[in-house]
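Written below as C-alpha cells is the structure these notes are about.
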Amino acid sequence: MTKSPRRPADTSSTLRDLRGARIQRPVVDELTAITLKAPTIDDYAQFHTNPPLIVAMTTRSFHHWQQQERFVSLVDGKDPAAFSRHIGQLHAVVRLSSVASIAVALTQALTGADGHAQREEGHAMLRRLEDPETNELRDVIEIAFEIESVDAEKVTADVIEYISRLSSEWQGPASLHELEEQAALRAYVDAAPNVDELIDAAQVHADMAKRFRQDLRRRDLPPNMRELTGAAAEGALRQQWITLARLALAQILPDREAALDHVHEAINEAPQKIAAALILAIAVGDRLRQMVAAHPWRP
C-alpha cells in the first residue's frame, strides 16, 4: 500500500469551503521532471544507469489520486457554481496522477522496491478501469507494468525492500499539490506544451540513439567509452519514449492523427513493454482531453 506525505488537516466540508493557498508553486508533473534538457552523452548515460526513483513517483501519484477522491467527497449537488469554479483543480490532479502512471511504466526499475512500486501502480490502474475483466486496456496495462511476469519468491523480496523505503521516498523533482492551490493547478491544465517542439525533441533523441549505436560499431572505441556510449544509447532511446508519451498526453492536439503518427511509429519499433506504455499514453491522453472538454472550468 502506498502512503501519502502528511498534509494539513482538511477542514472543508464542500467545495464552497475550499480556500486558496497563500503560496502558489509551479506544477511539475512526473514526465516533465524526468525529461532531460539539452542532454550530453554523459547525461544520457547517467539517466540510463541511475534512473528516477519509482517508489517516489508512485507515492506522489497516490497523493494526487487522494486529492481526486477528496474533490469528489466535497462535491455538493446543490451548488453547481462551486463545481464550475473548482473543476480545474480536479482536472489538474487527475492529470498529475495519470501522467505519473505513464512515467512509472516508462521508467526502468533497477531495484526490487522500484519493481514492486511499478507493479503496484499497474494494479491501481487495473482497479480504476471500467469493466476491468473485459476492458481492452487490461492486457496493455499488465504488459506495461509487467504485472504477471514475476514469480512469488521475488514478489516477496521486493515487497520487503519496498516497505523499508516507503516512509521517506516521496521527494523529488516533480511537485506535490493540494486542491487549495487553485491558481497553480489551473495554470498547469491550461499550459499545453508545444506539439511541434515535442515532435522535434523526440526526433533529436532518436537521432542521438542512432548515432551512439553507430559509434559502438567502431573497433577503436576504448572500453570506457564503449560502456558510456552503450548507456547513452539506451538513455537517448528512453528519452524519445518519454517525449512521445508527453506528446500523446498533451492537453491540446490540433491535429491528433498527425501528432500520434509519431507515437505509433515508435510503438512499432519499441520493446513490448514500452509499446504497451505508449499505447496506454494515447488512451489516457484521449480520456483526459475528453474530460476537460466535457467539464470546462469557469472563473
**OP:** Keeping to the range 223-272, report how many residues are of a type in the set (Ser, Thr, Tyr) and over 15 Å from residue 106 (Cβ atoms).
**Re:** 1
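How many of the residues making up the range 189-203 are surrounded by 16 or more Cβ atoms within 10 Å (Cβ to Cβ) and in a helix (DSSP H, G or I)? Outline the logic, then answer.
Here is the first cut: in the range 189-203, the residues surrounded by 16 or more Cβ atoms within 10 Å (Cβ to Cβ) are 189, 193, 195, 198-199, 201-202.
Going one step further and asking which of them are in a helix (DSSP H, G or I), we end up with 189, 195, 198-199, 201-202.
The number of residues fulfilling the criteria is 6.
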Subject >> residue 101 vs. criteria open to solvent by less than 10 Å² (accessible area, probe 1.4 Å), modelled with pLDDT of 95 or more, part of a helix (DSSP H, G or I) and touching a His at 6+ places or on another chain (Cβ under 6 Å) >> reply: no
Subject >> Matching residues in the range 242-299 - criterion: being in contact with a Gly (Cβ under 7 Å, 6 or more places away or on another chain) and modelled with pLDDT under 95 >> reply: 297
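Give the residue that is farthest from residue 176 (Cα to Cα), with candidates limited to residues of the range 27-42 that are under 17 Å from the mean Cα position of the chain (by Cα) and in a loop (DSSP other than H, G, I, E, B). Before the answer, list the steps.
Taking the range 27-42 and keeping what is under 17 Å from the mean Cα position of the chain (by Cα), we get 27-36.
Now narrow it down to the ones that are in a loop (DSSP other than H, G, I, E, B): 27-29, 34-36.
On the way: 27: 8, 28: 8, 29: 9, 34: 15, 35: 18, 36: 20 Å.
If we take residues in the range 27-42 being under 17 Å from the mean Cα position of the chain (by Cα) and in a loop (DSSP other than H, G, I, E, B), then 36 is farthest from residue 176 (Cα to Cα).
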**OP:** Select from the range 73-93 the residues that are in contact with a helix residue (DSSP H, G or I) (Cβ under 8 Å, 6 or more places away or on another chain) and open to solvent by 10 Å² or more (accessible area, probe 1.4 Å) and list them in ascending order.
**Re:** 75, 76, 79, 83, 85, 86, 90
Subject >> Members of the range 256-266 found to be over 18 Å from residue 292 (Cβ atoms) and surrounded by fewer than 19 Cβ atoms within 10 Å (Cβ to Cβ), listed by number >> reply: 257, 258, 261, 264, 265
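Could you tell me which residue of the range 187-218 is nearest to the chain's Cα centre (by Cα), considering only residues that are farther than 18 Å from residue 36 by Cα and without any contact (Cβ under 8 Å) to a residue 12 or more places away in the chain?
Of the range 187-218, the ones farther than 18 Å from residue 36 by Cα are 187-192, 213-218.
Those still in the list that are without any contact (Cβ under 8 Å) to a residue 12 or more places away in the chain too: 214, 217-218.
Values: 214: 31, 217: 34, 218: 36 Å.
Filtering the range 187-218 for residues that are farther than 18 Å from residue 36 by Cα and without any contact (Cβ under 8 Å) to a residue 12 or more places away in the chain, the one nearest to the chain's Cα centre (by Cα) comes out as 214.
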Subject >> Residue match in the range 110-131 (condition: closer than 17 Å to residue 186 by Cα and in a helix (DSSP H, G or I)) >> reply: no
Subject >> Single unsatisfied condition, residue 211 versus (1) closer than 21 Å to residue 49 by Cα; (2) in contact with a Lys or Arg (Cβ under 7 Å, 6 or more places away or on another chain) >> reply: (2)
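Of the residues 221, 253, 247, only one is over 19 Å from residue 30 (Cα atoms), hydrophobic (A, V, I, L, M, F, W, C) and either in contact (Cβ under 8 Å) with a residue 12 or more places away in the chain or open to solvent by less than 10 Å² (accessible area, probe 1.4 Å) (or both); which? Quick ask: steps written out before the conclusion?
Numbers: 221 fails: either in contact (Cβ under 8 Å) with a residue 12 or more places away in the chain or open to solvent by less than 10 Å² (accessible area, probe 1.4 Å) (or both); 247 fails: over 19 Å from residue 30 (Cα atoms).
Exactly one residue qualifies, and that residue is 253.
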**OP:** For the range 263-279, indicate whether the set of residues that are touching a residue at least 40 places away in the same chain (Cβ under 8 Å) and touching a Lys or Arg at 6+ places or on another chain (Cβ under 7 Å) is non-empty.
**Re:** no
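The values are calculated or read from the model by the stated rules, or taken from the named source; none is laboratory data. From a predicted model like this one, the values you see are computed outputs, not experimental measurements. We place every Cβ from the backbone using ideal geometry, glycine too, and count neighbours over all the protein chains shown. The protein model used for the area step is the full one, side chains on, heavy atoms only, and it has no ligands, DNA or RNA in it. Shrake-Rupley method; radii C 1.70, N 1.55, O 1.52, S 1.80 Å.
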